[in-house]
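Report on the structure given below.
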Amino acid sequence: MYTYLLINFFAILIPFIVSFDKRNYFFSRWKYLFPSIAITGVLFILWDMLYTEMGIWGFNERYLTGFYIANLPVEEVLFFITIPFACVFTYDTLKYLIKKDLFGRYSRAISFVISAILLTVALLNISRLYTSVTFILTASFILYHELVLRSAYMGRFYFAYMVLLFPFFIINGLLTGSFIEEQVVWYDDTQNLSVRLFTIPVEDVVYGMFLVLMNVTFFEYFKKKKIFANAVTQRSQS
């Protein structure tokens, strides 16, 4: 069965098609998106390979094509392309559709509350590798945004991620067994909190946040770098 491959296909299908809509024309920003996906994907795929080798999670061959890259099914590698594409598309489209930064004035407080909760839970469960590593990395990255980068788009990110939780529960529900008789992706529950949202480990919500935020970070960085370069060029020509 090609269940995981079909999940990837349908996750990216609508965002890919709508990217060419002239009202926002997300296609014109693919040049910022694909380097972001590539950089983030390398980091997450290496992490994925390590945890797969350690048995922290794994894959049900019944729902795979049978093609592998190292120890990962090709579908898992595609996941780090299709899902970031769809998520950054959603983030960018929401910025176009909703001009006001609805969470902007609260974003710093949201960041500190999330980070405090994640770090506390991680330290209390330091031996559970999926929990502790994911929570510490996500909290650290959020704090890096607030204390070092002072990113102006965190409110936009939190709003987008809140919206993304709806398709997240559908896609992850399919992968973890909410809608089919078996799991496509299985987990060693000794390495997580064993707290499930339907069939989805709560860690997946945080892992998803980290994945999307890293892609958005590079996406915004490459856009800003291009804008800055254009401004310098225009100034030198004037």
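Residue-wise test of (1) closer than 25 Å to Thr90 by Cβ; (2) small (Gly, Ala, Ser); (3) outside any helix (DSSP H, G or I); (4) in contact with a Pro (Cβ under 8 Å, 6 or more places away or on another chain).
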| position | (1), (2), (3), (4) |
| --- | --- |
| Gly173 | yes, yes, no, no |
| Phe179 | yes, no, yes, no |
| Glu182 | no, no, yes, no |
| Thr190 | no, no, no, no |
| Glu203 | yes, no, no, no |
| Tyr207 | yes, no, no, no |
| Met214 | yes, no, no, no |
| Phe218 | yes, no, no, yes |
| Tyr221 | yes, no, no, no |
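Residue selection: Thr65 satisfies the criterion of being modelled with pLDDT of 95 or more and farther than 26 Å from Leu129 by Cβ.
The single condition from (1) within 21 Å of Asn8 (Cα to Cα); (2) of a type in the set (Ser, Thr, Tyr); (3) part of a loop (DSSP other than H, G, I, E, B) that Ser151 fails is (1). Checking each residue in the stretch 192-201 for being outside any strand (DSSP E or B) and either aliphatic (A, V, I, L, M) or within 11 Å of Arg128 (Cβ to Cβ) (or both) picks out Asn192, Leu193, Ser194, Val195. If you go through the stretch 27-73 and keep only what is closer than 15 Å to Val185 by Cα, in contact (Cβ under 8 Å) with a residue 40 or more places away in the chain, hydrophobic (A, V, I, L, M, F, W, C) and part of a helix (DSSP H, G or I), you end up with just Met54. Within the stretch 92-101, not a single residue is in contact with a helix residue (DSSP H, G or I) (Cβ under 7 Å, 6 or more places away or on another chain) and within 19 Å of Val205 (Cα to Cα). Of all residues in the stretch 149-206, those satisfying the criterion of being farther than 25 Å from Ala109 by Cβ, modelled with pLDDT of 95 or more and among the aromatic types (Phe, Trp, Tyr) are Phe169, Trp186, Tyr187.
Checked against (1) on the phi > 0 side of the Ramachandran plot; (2) crowded, with 16+ Cβ neighbours inside 10 Å, Arg150 meets all criteria but (2). Exactly one residue among Thr131, Thr120, Thr93, Thr138 is of a type in the set (S, T, N, Q), part of a helix (DSSP H, G or I) and loosely packed, with under 15 Cβ neighbours inside 10 Å, and that residue is Thr120.
Can you name the residue in the stretch 118-176 that is of a type in the set (D, E, K, R) and farther than 25 Å from Phe79 by Cβ and, of all such residues, is nearest to the chain's Cα centre (by Cα)?
Step one: filter the stretch 118-176 for residues of a type in the set (D, E, K, R), giving 128, 146, 150, 156.
Okay, now just the ones that are also farther than 25 Å from Phe79 by Cβ, so 146, 150.
On the way: Glu146: 19, Arg150: 20 Å.
Ranking the candidates gives Glu146 first.
Find the residue count for the stretch 191-201, including only residues that are of a type in the set (Val, Ile, Thr), more than 17 Å from the chain's Cα centre (by Cα) and closer than 23 Å to Pro73 by Cα. Please lay out each step first, then the result.
Restricting attention to the stretch 191-201, the residues satisfying the condition of being of a type in the set (Val, Ile, Thr) are 195, 199-200.
Next cut, more than 17 Å from the chain's Cα centre (by Cα) only: 195, 199.
Next cut, closer than 23 Å to Pro73 by Cα only: 199.
Residues flagged as of a type in the set (Val, Ile, Thr), more than 17 Å from the chain's Cα centre (by Cα) and closer than 23 Å to Pro73 by Cα within the stretch 191-201 amount to 1.
The values are calculated or read from the model by the stated rules, or taken from the named source; none is laboratory data. Everything numeric here is computed off the predicted structure, so don't read it as measured data. All Cβ positions, even for glycine, are placed from backbone atoms using ideal geometry, and neighbour counts span all protein chains on display.
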